[in-house]
Amino acid sequence: MKFFNIEKTSEGKARAGEITTDHGKIQTPIFMPVGTVASVKTVHQRELKEDIKAQIILGNTYHLYLRPTMDIMQAAGGLHQFMNWDLPILTDSGGFQVFSLSKSRKMSEEGVKFKSHIDGSYHMFTPEKSMEIQRQIGADIFMAFDECTPYPCEYNQAKTSMELTHRWLKRCIDWTEENKEIYGHKQRLFPIVQGSTYSDLRKISAEVIAEAGAEGNAIGGLSVGEPEEEMYRITDEVTDILPKDKPRYLMGVGTPWNILESIGLGIDMMDCVMPTRNARNAMLFTWQGVMNMKNEKWKNDFSPLDEFGTSFVDREYSKAYVRHLFVSKEYLAKQIASIHNLAFYLDLVKVAREHIVAGDFYEWKRSVVPVLRQRL
Ligand code: GUN
């Protein structure tokens, strides 16, 4: 069975496809909920599958390595077994999380030495170590060990960092060729394009990554504080170079409108903590725009949470009730909002896919993006 099949290419770069893994199929374009520590925060696996209709979720090497540790992960038989999730999983490789979470770290050619944000203990991630951990986690798709540059980033720093990422990729590939899967299902390694906001560096990186011949490719180093237009420009330039017949994953993106614009630029997979993190802060994304559920204006509004929503929380609870839960700091508020936002993101990519198949994606996107951005 082929890993990636393109069902329909629209008039532009958007495409509708299907990824086949040993844990099932993924309809692309797809949004992947983030389950950093073997849990999509506040959401049950049953809800993810049945109400949100998630087709693949993310896990994080950095967090799972520190806790519960790989002894527990291997004793459980890998992450699918440990968290009772039998659909596809993708893991990020650790470097990006070391940079955003560990207060103390030291980079070298060898890898990155860092201090745990949990207990202050010291650890070393190398490309080989990241691959070993990701074999022990057993995700269907796993990521090369890279360095993500901050924004803004000096040209020379971006170039040096990108070259290091390319040397690390070679070490990731060598290690994974010598050390096969341990749980009996296939794992695919995706390399990551870097190069900050510099077109010439992005071009070099995309060519190096394409040359590696992986079954899918990712774009990193974006959505790190650069203007949206810069992110779209770089994505557009990189997707022009990455192979057309392989899935393209844009890491850490983004808002609902970022998702639609990225799909328009030829992206097939995306992940972001935004729907869950913002849900816990009372921000709801809907087809009508963005709602702050702590706002006084919902106090007496007994209409359904979201009349166009696809999940049970949208029909079964009112805006006034959810506002009350947030104002009262009830845990249920965060659960309801997280289910809503994730179900909305999955609905968003599903409808986008329908428009790609129907051949009117760009026209539809143009009309819907300004509405999605509205503050209600
Ligand atoms: N998540 C968001 N951006 C990145 C990136 O550039 N690299 C990795 N490994 N993960 C990311």
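The values are calculated or read from the model by the stated rules, or taken from the named source; none is laboratory data. What you are looking at is a predicted structure, and each value in this text was computed from that prediction instead of being measured. When we count neighbours, we look across all protein chains shown, and the Cβ atoms used for this are built from the backbone with ideal geometry, even at glycine.
Give 349, 322 a once-over and let me know the one that is closer than 23 Å to residue 32 by Cα, among the β-branched types (Val, Ile, Thr) and modelled with pLDDT of 95 or more.
Only one candidate passes the filter, namely 349.
Quick grid of which residues meet (1) under 24 Å from residue 269 (Cα atoms); (2) in a loop (DSSP other than H, G, I, E, B); (3) within 11 Å of the ligand (Cβ to nearest atom):
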{"position": "165", "(1), (2), (3)": "yes, no, yes"}
{"position": "206", "(1), (2), (3)": "yes, no, no"}
{"position": "210", "(1), (2), (3)": "yes, no, no"}
{"position": "221", "(1), (2), (3)": "yes, yes, yes"}
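Kindly provide the set of residues from the stretch 318-339 that are buried (at least 19 other Cβ atoms within 10 Å of the Cβ) and either touching a helix residue (DSSP H, G or I) at 6+ places or on another chain (Cβ under 6 Å) or of a type in the set (A, V, I, L, M) (or both), ordered by number.
Residues satisfying the conditions are 319, 322, 323, 325, 326, 333, 334, 336, 337, 338, 339.
If residue 351 passes every condition in (1) within 21 Å of the chain's Cα centre (by Cα); (2) touching a residue at least 60 places away in the same chain (Cβ under 8 Å) but one, which one does it miss?
The one condition residue 351 does not meet is (2).
Suppose we filter 233, 248, 277 for residues that are surrounded by fewer than 16 Cβ atoms within 10 Å (Cβ to Cβ), of a type outside the set (A, V, I, L, M, F, W, C) and away from the ligand (no atom under 13 Å from the Cβ); which single one remains?
Answer to the selection: 277.
Condition first: among the basic types (Lys, Arg) and in contact with a Phe, Trp or Tyr (Cβ under 8 Å, 6 or more places away or on another chain). Now tell me which residues in the stretch 266-307 satisfy that.
If the condition is that a residue be among the basic types (Lys, Arg) and in contact with a Phe, Trp or Tyr (Cβ under 8 Å, 6 or more places away or on another chain), then 294 is the only one that fits.
Determine which member of the set 103, 113 is in a strand (DSSP E or B), at negative phi and surrounded by fewer than 20 Cβ atoms within 10 Å (Cβ to Cβ).
Checking each option against the conditions leaves just 113.
Which members of the stretch 79-99 meet the condition of being surrounded by fewer than 21 Cβ atoms within 10 Å (Cβ to Cβ), assigned to a loop (DSSP other than H, G, I, E, B) and of a type outside the set (A, V, I, L, M, F, W, C)?
84, 86
Pick from 267, 263: which is more than 17 Å from residue 36 (Cβ to Cβ), in contact with a Lys or Arg (Cβ under 6 Å, 6 or more places away or on another chain), in contact (Cβ under 8 Å) with a residue 24 or more places away in the chain and among the β-branched types (Val, Ile, Thr)?
The unique qualifying residue is 267.
Only one of these is in contact with a helix residue (DSSP H, G or I) (Cβ under 7 Å, 6 or more places away or on another chain) and buried (at least 23 other Cβ atoms within 10 Å of the Cβ): 223, 196. Name it.
196
Among 116, 100, 108, which is among the polar types (S, T, N, Q), more than 14 Å from the ligand (Cβ to nearest atom) and modelled with pLDDT under 95?
Just a single option satisfies the conditions, and that option is 116.
Among the residues of the stretch 297-325, which ones are among the hydrophobic types (A, V, I, L, M, F, W, C) and farther than 15 Å from residue 276 by Cβ?
Scanning the stretch 297-325 gives 298, 302, 305, 308, 312, 320, 322, 325.
Can you list residue pairs whose Cβ atoms sit under 8 Å apart, with the first residue in the stretch 241-255 being touching a residue at least 40 places away in the same chain (Cβ under 8 Å) and more than 23 Å from residue 225 (Cβ to Cβ) and the second being of a type in the set (D, E, K, R) and crowded, with 19+ Cβ neighbours inside 10 Å? Count only pairs 6 or more apart in sequence or on different chains.
So the pair list comes out as 242/248; 247/268.
From the residues in the stretch 182-204 that are in contact (Cβ under 8 Å) with a residue 40 or more places away in the chain and of a type in the set (D, E, K, R), which one is farthest from the ligand (Cβ to nearest atom)?
186
Going residue by residue through the stretch 195-209, is there one that turns out to be farther than 27 Å from residue 244 by Cβ, at pLDDT 95 or above and under 24 Å from the mean Cα position of the chain (by Cα)?
no
Suppose the filter is over 30 Å from residue 228 (Cβ atoms) and without any contact (Cβ under 8 Å) to a residue 24 or more places away in the chain; does residue 163 pass it?
no
How many residues does the stretch 133-151 hold that are touching a residue at least 60 places away in the same chain (Cβ under 8 Å) and more than 12 Å from the ligand (Cβ to nearest atom)?
7
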